[in-house]
1. May I ask you to list pairs of residues, at least six apart or on different chains, whose Cβ atoms are under 9 Å apart, with the first in the range 128-142 being within 18 Å of residue 504 (Cα to Cα) and the second being at pLDDT below 90 and surrounded by fewer than 21 Cβ atoms within 10 Å (Cβ to Cβ)?
2. Restricting the first residue to the range 275-300 and requiring it to be under 22 Å from residue 80 (Cβ atoms), which pairs with a second residue that is modelled with pLDDT of 85 or more and aromatic (Phe, Trp, Tyr) meet a Cβ separation below 6 Å and a spacing of at least six or different chains?
3. Hey, among the residues in the range 558-591 that are of a type in the set (Ser, Thr, Tyr) and more than 26 Å from the chain's Cα centre (by Cα), which one's surrounded by the most Cβ atoms within 10 Å (Cβ to Cβ)?
4. Counting only residues that are surrounded by fewer than 18 Cβ atoms within 10 Å (Cβ to Cβ) and closer than 28 Å to residue 195 by Cα, how many does the range 133-152 have?
5. Just one of 496, 507, 512, 466 is closer than 25 Å to residue 146 by Cα, under 24 Å from the mean Cα position of the chain (by Cα) and among the hydrophobic types (A, V, I, L, M, F, W, C); which is it?
6. Residue check, residue 396 against (1) basic (Lys, Arg); (2) under 21 Å from residue 337 (Cα atoms); (3) surrounded by 19 or more Cβ atoms within 10 Å (Cβ to Cβ), all met but one. Which one?
7. Residues to consider are 578, 537; find the one that is modelled with pLDDT of 95 or more and not basic (Lys, Arg).
8. Identify, from the list 217, 196, 154, the residue that is touching a helix residue (DSSP H, G or I) at 6+ places or on another chain (Cβ under 9 Å) and within 18 Å of residue 60 (Cα to Cα).
Amino acid sequence: MDEPPHVRAVPRPCHPCCSSGARRTPLDRDRCAVRPPPPARRGDSARFPVHSLHQGSGAMRVLLLYANPHLAIPVSPYGLDTINTALQARCGPVEVLTSNPFLESVEPEAHLGAVLAYFEPDVIAISIRNIDNAIVALPGEPPPGGSPIDIVAYAPAIRELTDVIKRWRADALCVAGGSGFTACPAEFLRYLDLDYGLIGPAESAFAQFVEALRAPYSKTAEQIFPELPGAIFRDKGVFRRTPSRPTLGTEISAPPRLAPEYQLLYRLRHIPVAVRTKAGCPLRCAYCTDPVNQLRSDRRSVGNVVADLRHHVEDHGLRRFHIADAELNLPYEDHLRRVCAGIRDSGLAEQISWRGYFNITPFSDELIDALVAAGCDAPSFAVDSFHELGLRAHQKNFRARHVHDVLNRLLSRAPGIIPEVCLLFGGPGETMSGIEANIHWMLRYAERGVRIAYSCGLRVYPNTPLGRQTLGTAHVYLPSGPLGGRGGRRFTPDELLRETVVHCEPLSPRELAHYLEQRVGGHPNIATFTDGQWPEARHSAELRLFNVGVHRMAYGKFDAARDHLYAALQKNPELSVAHTAIEILDGLNSN
């Protein structure tokens, strides 16, 4: 780890445009996310500052560990930021430090060890956002080694971090959570050898936990966890759960913090800011972990959603958003229409644009009008297939006629909106005739301006309907190669966490990717699923160097930032975003 880090100062003008009232260019806005470092103090990490209430010898120290190795799209720890806000509002004396070792250092395990030794946390919350990057097969040549799939698994890297924690202190009090964890909580606890976790939105439960640990309660984790909502804990070698309950409707009205490194990364990488209106999904799509996360919907107040959007616009100058609900219009349209009205009435609709995931039904004309009025420009639909057999196999709650109806109404009623359709090829029972039927509609809608993204194969996730099926081994692919054979195999949830399992028929993932590339690859509105211009499976080394370099920029460590950025360019001279970051540094040096 670098020298003890710096506390973020109160925001102040950092570029002439900030104090002069001059119109800012995009490059100026990038400069404004870079501030010289204020003096260091105890408790700071190489990431960003300790947030505290009544800091002192009696303050409990909480480390919010963002265990997110995803390099291609480095998004902020939304869940941990809401937990931080809840801790500050509801708990007594507490010092909170948030750290993502994968973003803060090219040696994340050593970095975490230094953070632990320096901060000495009493409690560690471990946020697991993703199990993997879900990119099954990229177009083009396979990577060295000839793996049939391109998925980057994250569980092994996360376990490296928990192993660091155990070496630091064998009895460290750790609580796991996050959307990836919630998909398979018992499996993750076994895999990481941890005892405690929280399922679903956990800000209220975790704040309750921390408060109960403190005097005058001074309870132990064993006493507290059976009383928490949405808890999972080890009891005499067996994992037990408590029922969850809705909490988002009564959350505190304070927008979560967005750390400087993410402000800068969002601008450089054009990443939309995540905001949610609710949690949960009532669907039972065969492949999806969202209903596993939380079947019942838990809604936020419209006022808090609008406040979050305004906070990012006014405080950070960020205007592009991703509304990160599982499906925005489920279980009913009413909540989303109220959110749209709130955005419109606040005046934000003219300042922002946003996208999100939608189900095909329900999708009324009134909702289309509300989306247009609220600034939504790219609704994305998990259609999965235009073919009836494919829709049934994926357990969708709509049919092809509903897809055509919604897309036709959107294109005619809202010409300024660009719909996006996501398709999944290779599920159980997929045939070449079904693929050809999809190709027909892909080309037809792409000609009308609809953007189409597709996946060649399905990652089989734990505890999903697909994960519970007996799969034909002839169509199962692992990173080491095809499983092969003529029989069937049913994987356990623990196996599906430890091993990356993909189902793809009637062709292998790479054969299917090549076939589709030949048929539709030349169309500008059709592309395979990928995680950006520089996919993680092929460009992990330069992406890590770039991300760490931007982190250094955000905290004024300009020499170290330049070193990391030039090292990224040595790995990949065409990494244009690194050139842009260096241009920003050059501009700062010239002022």
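1. What qualifies is 133/531; 134/531; 135/531; 139/521.
2. From the range 275-300, the pairs are 275/321; 289/461.
3. Only one residue fits best here, namely 566.
4. Selection size over the range 133-152: 1.
5. Sole residue among the options that is closer than 25 Å to residue 146 by Cα, under 24 Å from the mean Cα position of the chain (by Cα) and among the hydrophobic types (A, V, I, L, M, F, W, C): 496.
6. Exception for residue 396: condition (2).
7. 578
8. None of the other options fit; the residue is 217.
The values are calculated or read from the model by the stated rules, or taken from the named source; none is laboratory data. On a predicted model such as this, the values are computed, not experimentally measured, just so you know. Virtual Cβ from ideal backbone geometry, glycine too; neighbours counted across all protein chains shown. In case anyone asks, the SASA skips ligands and DNA or RNA and just uses the protein heavy atoms, side chains included. Shrake-Rupley method; radii C 1.70, N 1.55, O 1.52, S 1.80 Å.
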